[in-house]
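Here's the structure we're looking at; comments come further down.
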Amino acid sequence: MMLALTLLMAQAASPPSEPQGELPAAASIHARKVPSARPNGLENSLTTPGSDVSADDVVDEMVDEFAVDIARLGAAQISPILLQRVRVSANMNPEYAHVFEARLAAAVFKAANLALVRCVECTATRSRVEDMEWVVTRGVITREDQRAVARKYGARSFLDVSLSLREEPASLSMDVEVVRAEDSSIAFAEGYRMDAERAMLYRGADRAQTREERLKELEDKLNQRPKFISAIELGAMMLTGSASGDFWGAVARYRLTERFGADKQAEAGLSVAGIGSPDHFAGAMFGGLLQLRLGDGNVFLPSFWIGADVSVLFSGASGNTPVIGGTVRWNVGTRISLVGAVRYIAPFQLRAQSESIGGVCPEFGVGFVWN
(Lines give C-alpha, C1' and ligand atoms only; values in the text may rest on other atoms or scores of the structure.)
Protein backbone atom coordinates (compact mmCIF):
# COMPACT_ATOMS: atom_id res chain seq x y z
CA MET A 1 0.00 0.00 0.00
CA MET A 2 1.58 3.25 -1.12
CA LEU A 3 0.83 6.58 0.49
CA ALA A 4 1.02 9.40 -2.09
CA LEU A 5 0.46 12.38 0.17
CA THR A 6 1.21 16.08 -0.26
CA LEU A 7 2.94 18.17 2.39
CA LEU A 8 0.69 20.44 4.45
CA MET A 9 2.29 23.52 6.02
CA ALA A 10 0.42 24.65 9.15
CA GLN A 11 0.98 28.12 10.58
CA ALA A 12 -0.59 29.68 13.62
CA ALA A 13 -2.82 32.62 12.77
CA SER A 14 -1.43 34.68 15.63
CA PRO A 15 1.94 34.79 17.44
CA PRO A 16 2.24 32.11 20.14
CA SER A 17 1.17 33.28 23.59
CA GLU A 18 3.49 33.38 26.52
CA PRO A 19 3.98 29.92 28.09
CA GLN A 20 1.92 29.36 31.19
CA GLY A 21 3.39 28.45 34.53
CA GLU A 22 4.29 24.96 35.58
CA LEU A 23 1.65 22.49 36.78
CA PRO A 24 1.05 22.81 40.56
CA ALA A 25 2.06 19.78 42.57
CA ALA A 26 -1.48 19.26 43.92
CA ALA A 27 -3.15 19.39 40.49
CA SER A 28 -5.59 16.56 39.81
CA ILE A 29 -5.72 14.34 36.74
CA HIS A 30 -9.09 14.04 35.03
CA ALA A 31 -9.86 10.75 33.31
CA ARG A 32 -11.29 10.99 29.85
CA LYS A 33 -14.86 9.96 29.22
CA VAL A 34 -15.16 6.32 28.18
CA PRO A 35 -16.82 5.98 24.75
CA SER A 36 -20.31 4.54 24.91
CA ALA A 37 -20.74 0.97 23.74
CA ARG A 38 -22.09 0.40 20.24
CA PRO A 39 -23.95 -2.66 19.00
CA ASN A 40 -21.65 -5.08 17.26
CA GLY A 41 -23.99 -5.47 14.30
CA LEU A 42 -24.14 -1.73 13.69
CA GLU A 43 -20.39 -1.43 14.10
CA ASN A 44 -19.79 -4.02 11.42
CA SER A 45 -22.24 -2.45 8.98
CA LEU A 46 -21.17 1.22 9.10
CA THR A 47 -18.85 1.10 6.12
CA THR A 48 -18.35 3.02 2.92
CA PRO A 49 -19.89 1.68 -0.30
CA GLY A 50 -16.50 1.52 -2.05
CA SER A 51 -13.86 -1.20 -1.98
CA ASP A 52 -10.99 1.16 -1.03
CA VAL A 53 -10.47 4.08 1.31
CA SER A 54 -8.03 6.86 0.45
CA ALA A 55 -4.98 7.09 2.71
CA ASP A 56 -5.50 10.87 2.87
CA ASP A 57 -8.98 10.35 4.29
CA VAL A 58 -7.73 7.80 6.81
CA VAL A 59 -4.99 10.07 8.18
CA ASP A 60 -7.25 13.14 8.25
CA GLU A 61 -9.98 11.26 10.08
CA MET A 62 -7.62 9.99 12.77
CA VAL A 63 -5.84 13.28 13.44
CA ASP A 64 -9.17 15.16 13.52
CA GLU A 65 -10.55 12.71 16.06
CA PHE A 66 -7.42 13.10 18.18
CA ALA A 67 -7.68 16.91 18.00
CA VAL A 68 -11.25 16.75 19.29
CA ASP A 69 -10.17 14.51 22.18
CA ILE A 70 -7.35 16.91 23.09
CA ALA A 71 -9.75 19.87 22.99
CA ARG A 72 -12.01 18.11 25.49
CA LEU A 73 -9.14 17.85 27.97
CA GLY A 74 -8.84 21.62 28.07
CA ALA A 75 -5.90 23.91 27.31
CA ALA A 76 -5.45 24.82 30.96
CA GLN A 77 -4.66 21.21 31.84
CA ILE A 78 -2.03 20.29 29.25
CA SER A 79 -0.98 23.39 27.25
CA PRO A 80 1.70 24.20 26.16
CA ILE A 81 2.38 20.75 24.67
CA LEU A 82 5.92 19.76 23.79
CA LEU A 83 6.02 17.59 20.65
CA GLN A 84 8.43 14.91 21.79
CA ARG A 85 8.32 12.23 19.10
CA VAL A 86 6.41 11.65 15.86
CA ARG A 87 7.26 8.25 14.42
CA VAL A 88 6.18 6.11 11.51
CA SER A 89 6.54 2.35 11.14
CA ALA A 90 9.58 0.79 9.43
CA ASN A 91 7.66 -0.07 6.24
CA MET A 92 6.83 3.61 5.59
CA ASN A 93 8.98 6.37 4.15
CA PRO A 94 10.71 8.10 7.10
CA GLU A 95 10.21 11.47 5.38
CA TYR A 96 6.47 11.05 5.82
CA ALA A 97 6.92 11.69 9.55
CA HIS A 98 7.30 15.41 8.75
CA VAL A 99 4.12 15.35 6.64
CA PHE A 100 2.26 13.58 9.42
CA GLU A 101 3.56 16.06 12.00
CA ALA A 102 2.34 19.00 9.93
CA ARG A 103 -1.13 17.47 9.56
CA LEU A 104 -1.27 16.72 13.25
CA ALA A 105 -0.32 20.29 14.16
CA ALA A 106 -2.88 21.72 11.72
CA ALA A 107 -5.67 19.61 13.18
CA VAL A 108 -4.79 20.55 16.77
CA PHE A 109 -4.66 24.25 15.95
CA LYS A 110 -8.07 24.13 14.31
CA ALA A 111 -9.82 22.14 17.05
CA ALA A 112 -8.29 23.59 20.22
CA ASN A 113 -6.55 26.74 21.35
CA LEU A 114 -3.35 24.94 22.34
CA ALA A 115 0.27 25.92 22.16
CA LEU A 116 2.18 23.16 20.37
CA VAL A 117 5.97 23.45 20.67
CA ARG A 118 8.56 21.38 18.82
CA CYS A 119 11.17 19.82 21.08
CA VAL A 120 14.66 20.04 19.54
CA GLU A 121 16.38 18.20 22.38
CA CYS A 122 13.97 15.26 22.17
CA THR A 123 15.46 14.06 18.87
CA ALA A 124 19.04 15.28 19.26
CA THR A 125 21.96 12.85 19.45
CA ARG A 126 24.63 13.56 22.08
CA SER A 127 27.96 11.98 22.92
CA ARG A 128 30.13 12.25 26.00
CA VAL A 129 33.03 10.54 27.71
CA GLU A 130 32.08 8.92 30.99
CA ASP A 131 34.47 6.77 33.05
CA MET A 132 36.83 6.41 30.10
CA GLU A 133 33.92 5.25 27.88
CA TRP A 134 32.29 6.99 24.97
CA VAL A 135 28.53 7.18 25.59
CA VAL A 136 26.09 8.14 22.84
CA THR A 137 22.48 9.07 23.76
CA ARG A 138 19.50 10.18 21.74
CA GLY A 139 16.62 12.29 23.06
CA VAL A 140 15.59 12.82 26.68
CA ILE A 141 16.56 9.73 28.66
CA THR A 142 15.99 10.64 32.34
CA ARG A 143 13.15 12.15 34.31
CA GLU A 144 15.35 15.01 35.46
CA ASP A 145 16.22 15.84 31.85
CA GLN A 146 12.54 15.73 30.98
CA ARG A 147 11.68 18.24 33.71
CA ALA A 148 14.54 20.50 32.70
CA VAL A 149 13.46 20.51 29.06
CA ALA A 150 9.85 21.20 30.04
CA ARG A 151 10.88 24.17 32.19
CA LYS A 152 13.07 25.48 29.38
CA TYR A 153 10.11 25.54 26.97
CA GLY A 154 7.51 26.34 29.62
CA ALA A 155 5.59 23.19 28.68
CA ARG A 156 3.10 21.28 30.81
CA SER A 157 3.08 18.00 28.90
CA PHE A 158 4.82 15.88 26.27
CA LEU A 159 3.14 14.41 23.19
CA ASP A 160 4.28 11.11 21.66
CA VAL A 161 2.60 9.96 18.42
CA SER A 162 3.21 6.79 16.41
CA LEU A 163 1.71 5.96 12.99
CA SER A 164 1.81 2.32 11.86
CA LEU A 165 1.00 0.81 8.47
CA ARG A 166 -0.12 -2.77 8.10
CA GLU A 167 0.07 -4.03 4.54
CA GLU A 168 -2.00 -7.24 4.71
CA PRO A 169 -4.79 -6.56 5.40
CA ALA A 170 -4.16 -2.90 4.64
CA SER A 171 -4.77 -0.67 7.67
CA LEU A 172 -3.41 2.41 9.40
CA SER A 173 -3.27 2.89 13.16
CA MET A 174 -2.26 5.87 15.25
CA ASP A 175 -1.26 5.62 18.91
CA VAL A 176 -0.92 8.77 20.99
CA GLU A 177 0.21 9.45 24.53
CA VAL A 178 0.19 12.71 26.49
CA VAL A 179 2.47 12.68 29.55
CA ARG A 180 2.57 15.39 32.22
CA ALA A 181 6.01 16.92 32.53
CA GLU A 182 5.95 17.46 36.30
CA ASP A 183 5.27 13.92 37.54
CA SER A 184 5.43 11.82 34.31
CA SER A 185 1.82 10.73 34.78
CA ILE A 186 -0.15 9.82 31.65
CA ALA A 187 -2.86 12.41 31.10
CA PHE A 188 -4.28 10.88 27.92
CA ALA A 189 -3.65 7.77 25.82
CA GLU A 190 -5.62 6.41 22.90
CA GLY A 191 -5.33 4.29 19.79
CA TYR A 192 -7.10 4.99 16.49
CA ARG A 193 -7.40 2.47 13.68
CA MET A 194 -8.93 2.43 10.20
CA ASP A 195 -8.56 -0.10 7.37
CA ALA A 196 -8.74 0.03 3.59
CA GLU A 197 -12.14 -1.67 3.33
CA ARG A 198 -14.15 0.04 6.08
CA ALA A 199 -14.35 3.72 6.86
CA MET A 200 -15.21 2.94 10.46
CA LEU A 201 -12.92 4.62 13.00
CA TYR A 202 -12.02 2.22 15.80
CA ARG A 203 -10.62 3.31 19.15
CA GLY A 204 -8.52 1.31 21.55
CA ALA A 205 -11.51 0.86 23.87
CA ASP A 206 -13.61 -0.66 21.10
CA ARG A 207 -11.83 -4.00 21.48
CA ALA A 208 -12.94 -4.28 25.11
CA GLN A 209 -16.44 -3.22 24.11
CA THR A 210 -16.51 -5.89 21.42
CA ARG A 211 -15.52 -8.51 23.97
CA GLU A 212 -18.29 -7.31 26.24
CA GLU A 213 -20.79 -7.56 23.39
CA ARG A 214 -19.61 -11.06 22.53
CA LEU A 215 -20.01 -12.02 26.20
CA LYS A 216 -23.55 -10.62 26.14
CA GLU A 217 -24.26 -12.67 23.01
CA LEU A 218 -22.88 -15.80 24.69
CA GLU A 219 -25.03 -15.17 27.78
CA ASP A 220 -28.09 -14.82 25.56
CA LYS A 221 -27.34 -18.21 24.00
CA LEU A 222 -26.79 -19.86 27.38
CA ASN A 223 -30.01 -18.33 28.69
CA GLN A 224 -31.84 -19.39 25.51
CA ARG A 225 -32.70 -15.88 24.40
CA PRO A 226 -32.34 -16.05 20.60
CA LYS A 227 -32.84 -13.10 18.25
CA PHE A 228 -35.23 -13.94 15.44
CA ILE A 229 -35.65 -12.52 11.93
CA SER A 230 -39.20 -12.42 10.58
CA ALA A 231 -40.23 -11.90 6.98
CA ILE A 232 -43.40 -11.98 4.87
CA GLU A 233 -43.05 -12.71 1.14
CA LEU A 234 -45.73 -12.30 -1.53
CA GLY A 235 -45.30 -13.54 -5.09
CA ALA A 236 -46.27 -15.98 -7.81
CA MET A 237 -45.12 -19.45 -8.80
CA MET A 238 -45.41 -20.99 -12.25
CA LEU A 239 -46.63 -24.59 -12.19
CA THR A 240 -47.01 -27.08 -15.01
CA GLY A 241 -50.10 -29.19 -15.57
CA SER A 242 -50.20 -32.27 -17.79
CA ALA A 243 -53.43 -31.12 -19.46
CA SER A 244 -53.70 -27.36 -18.91
CA GLY A 245 -50.02 -26.54 -19.49
CA ASP A 246 -48.22 -23.82 -17.54
CA PHE A 247 -50.20 -21.64 -15.16
CA TRP A 248 -49.42 -19.18 -12.35
CA GLY A 249 -50.38 -19.58 -8.74
CA ALA A 250 -50.27 -17.01 -5.95
CA VAL A 251 -47.83 -17.61 -3.06
CA ALA A 252 -47.83 -16.05 0.43
CA ARG A 253 -44.98 -17.12 2.73
CA TYR A 254 -43.95 -16.38 6.32
CA ARG A 255 -40.47 -17.34 7.52
CA LEU A 256 -38.91 -17.21 10.97
CA THR A 257 -35.12 -17.54 11.14
CA GLU A 258 -32.24 -17.02 13.56
CA ARG A 259 -28.90 -15.59 12.49
CA PHE A 260 -25.64 -17.17 13.57
CA GLY A 261 -21.94 -17.13 12.74
CA ALA A 262 -19.07 -14.83 13.65
CA ASP A 263 -20.44 -12.02 11.43
CA LYS A 264 -24.09 -13.13 11.48
CA GLN A 265 -23.68 -14.28 7.90
CA ALA A 266 -25.98 -17.34 8.12
CA GLU A 267 -29.67 -17.88 8.84
CA ALA A 268 -31.65 -21.02 9.58
CA GLY A 269 -35.28 -21.44 10.42
CA LEU A 270 -38.79 -22.48 9.43
CA SER A 271 -41.22 -21.33 6.79
CA VAL A 272 -44.91 -21.74 6.12
CA ALA A 273 -46.55 -20.79 2.83
CA GLY A 274 -49.89 -20.89 1.10
CA ILE A 275 -50.15 -21.55 -2.65
CA GLY A 276 -53.12 -21.79 -4.93
CA SER A 277 -54.76 -21.15 -8.25
CA PRO A 278 -58.53 -20.60 -8.48
CA ASP A 279 -58.93 -22.93 -11.47
CA HIS A 280 -56.66 -25.75 -10.29
CA PHE A 281 -55.87 -26.33 -6.61
CA ALA A 282 -54.91 -24.78 -3.24
CA GLY A 283 -52.45 -26.02 -0.63
CA ALA A 284 -49.96 -25.19 2.10
CA MET A 285 -46.21 -25.79 2.38
CA PHE A 286 -44.31 -26.36 5.64
CA GLY A 287 -40.53 -26.77 5.82
CA GLY A 288 -37.11 -25.52 6.84
CA LEU A 289 -34.50 -23.32 5.18
CA LEU A 290 -30.84 -22.36 5.38
CA GLN A 291 -29.34 -19.29 3.71
CA LEU A 292 -25.95 -17.53 3.64
CA ARG A 293 -25.05 -13.88 3.02
CA LEU A 294 -22.61 -13.07 0.22
CA GLY A 295 -19.91 -10.65 1.36
CA ASP A 296 -19.88 -8.42 4.42
CA GLY A 297 -22.93 -6.65 5.77
CA ASN A 298 -23.12 -3.04 4.59
CA VAL A 299 -25.80 -0.55 5.53
CA PHE A 300 -25.11 1.52 2.39
CA LEU A 301 -25.27 -1.34 -0.11
CA PRO A 302 -27.80 -4.07 -0.89
CA SER A 303 -27.04 -7.53 0.43
CA PHE A 304 -27.50 -10.86 -1.32
CA TRP A 305 -28.54 -14.10 0.37
CA ILE A 306 -28.50 -17.54 -1.24
CA GLY A 307 -30.24 -20.49 0.36
CA ALA A 308 -31.88 -23.86 0.04
CA ASP A 309 -35.12 -25.15 1.51
CA VAL A 310 -36.99 -28.41 1.88
CA SER A 311 -40.73 -28.52 2.49
CA VAL A 312 -43.85 -30.61 2.12
CA LEU A 313 -46.89 -29.53 0.10
CA PHE A 314 -50.21 -30.42 1.74
CA SER A 315 -53.29 -30.35 -0.46
CA GLY A 316 -56.67 -31.93 0.07
CA ALA A 317 -56.74 -32.87 -3.60
CA SER A 318 -53.26 -34.41 -3.78
CA GLY A 319 -52.05 -35.54 -0.37
CA ASN A 320 -48.48 -34.86 0.75
CA THR A 321 -45.85 -33.89 -1.86
CA PRO A 322 -42.12 -33.14 -1.24
CA VAL A 323 -40.71 -29.81 -2.48
CA ILE A 324 -37.04 -28.79 -2.72
CA GLY A 325 -35.59 -25.57 -4.05
CA GLY A 326 -32.96 -22.85 -4.09
CA THR A 327 -33.56 -19.18 -3.36
CA VAL A 328 -31.81 -15.87 -4.01
CA ARG A 329 -32.87 -12.89 -1.89
CA TRP A 330 -31.78 -9.35 -2.65
CA ASN A 331 -32.24 -7.05 0.34
CA VAL A 332 -32.60 -3.72 -1.44
CA GLY A 333 -32.87 -1.70 1.77
CA THR A 334 -33.59 -2.25 5.43
CA ARG A 335 -37.09 -3.73 5.04
CA ILE A 336 -37.70 -4.50 1.38
CA SER A 337 -36.28 -7.50 -0.47
CA LEU A 338 -36.74 -9.08 -3.89
CA VAL A 339 -37.01 -12.86 -4.01
CA GLY A 340 -36.31 -15.32 -6.82
CA ALA A 341 -36.42 -19.11 -6.51
CA VAL A 342 -36.45 -22.31 -8.50
CA ARG A 343 -38.26 -25.24 -6.87
CA TYR A 344 -38.96 -28.79 -7.83
CA ILE A 345 -42.34 -30.20 -6.89
CA ALA A 346 -42.73 -33.94 -7.23
CA PRO A 347 -45.56 -34.53 -9.75
CA PHE A 348 -48.84 -35.37 -8.07
CA GLN A 349 -52.26 -36.42 -9.35
CA LEU A 350 -55.35 -34.39 -8.50
CA ARG A 351 -57.93 -36.70 -7.00
CA ALA A 352 -60.97 -35.12 -8.66
CA GLN A 353 -59.22 -34.76 -12.01
CA SER A 354 -56.98 -36.79 -14.28
CA GLU A 355 -54.40 -33.98 -14.48
CA SER A 356 -51.00 -34.17 -12.77
CA ILE A 357 -49.12 -31.09 -11.56
CA GLY A 358 -45.44 -30.69 -10.71
CA GLY A 359 -41.95 -30.36 -12.09
CA VAL A 360 -39.57 -27.38 -12.10
CA CYS A 361 -41.39 -24.29 -10.84
CA PRO A 362 -39.83 -20.77 -10.86
CA GLU A 363 -41.03 -18.29 -8.26
CA PHE A 364 -40.76 -14.50 -8.02
CA GLY A 365 -41.90 -12.12 -5.31
CA VAL A 366 -41.22 -9.28 -2.88
CA GLY A 367 -40.52 -9.55 0.84
CA PHE A 368 -40.82 -7.43 3.98
CA VAL A 369 -38.21 -8.10 6.69
CA TRP A 370 -38.25 -7.35 10.43
CA ASN A 371 -35.08 -7.82 12.50
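The values are calculated or read from the model by the stated rules, or taken from the named source; none is laboratory data. Nothing here was measured: the structure is a model prediction, and the numbers come from that model. Reconstructed Cβ throughout: ideal geometry from the backbone, glycine too, with neighbour counts over all protein chains shown. All accessible areas refer to the heavy atoms of the entire protein, side chains included, with ligands and DNA or RNA removed. Shrake-Rupley method; radii C 1.70, N 1.55, O 1.52, S 1.80 Å.
Observations on the structure shown:
- Between F364 and I186, the contour length at 0.36 nm per residue exceeds the Cα-Cα span by 57.9 nm.
- According to the Kirkwood relation over distinct C-alpha pairs, the hydrodynamic radius of the range 222-356 is 16.3 Å.
- Solvent-accessible surface (1.4 Å probe) assigned to V117 amounts to roughly 40 Å².
- Phi angles of the range 114-127 translate, via the Karplus equation with coefficients 6.51, -1.76, 1.60 and θ = phi - 60°, into HN-Hα couplings of 10, 9, 10, 10, 7, 9, 6, 5, 5, 10, 7, 9, 10, 9 Hz per residue; Gly and Pro are given as x.
- Distant-in-sequence amide H partners of S185 (H built 1.01 Å from N, under 5 Å): R180
- Shape descriptor for the range 132-185: Rg over Rh equals 1.17 (Cα atoms; Rh from the Kirkwood inverse mean 1/r).
- Cut-off under 5 Å, modelled amide H: who pairs with E355 long-range: L350
- In Hz, Karplus ³J(HN,Hα) per residue of the range 278-286 (6.51, -1.76, 1.60; θ = phi - 60°; x = Gly, Pro): x, 8, 10, 7, 9, x, 9, 10, 10
- A crude spin-label estimate for the pair S127 and A90, with each label 7 Å from Cα along the Cβ direction, gives 2.5 nm.
- The largest-to-smallest principal axis extents of the Cα set in the range 69-189 are 48, 40, 21 Å.
- ³J(HN,Hα), Karplus 6.51/-1.76/1.60, whole Hz, each residue of the range 160-168, x for Gly, Pro: 10, 10, 10, 10, 10, 10, 10, 7, 9
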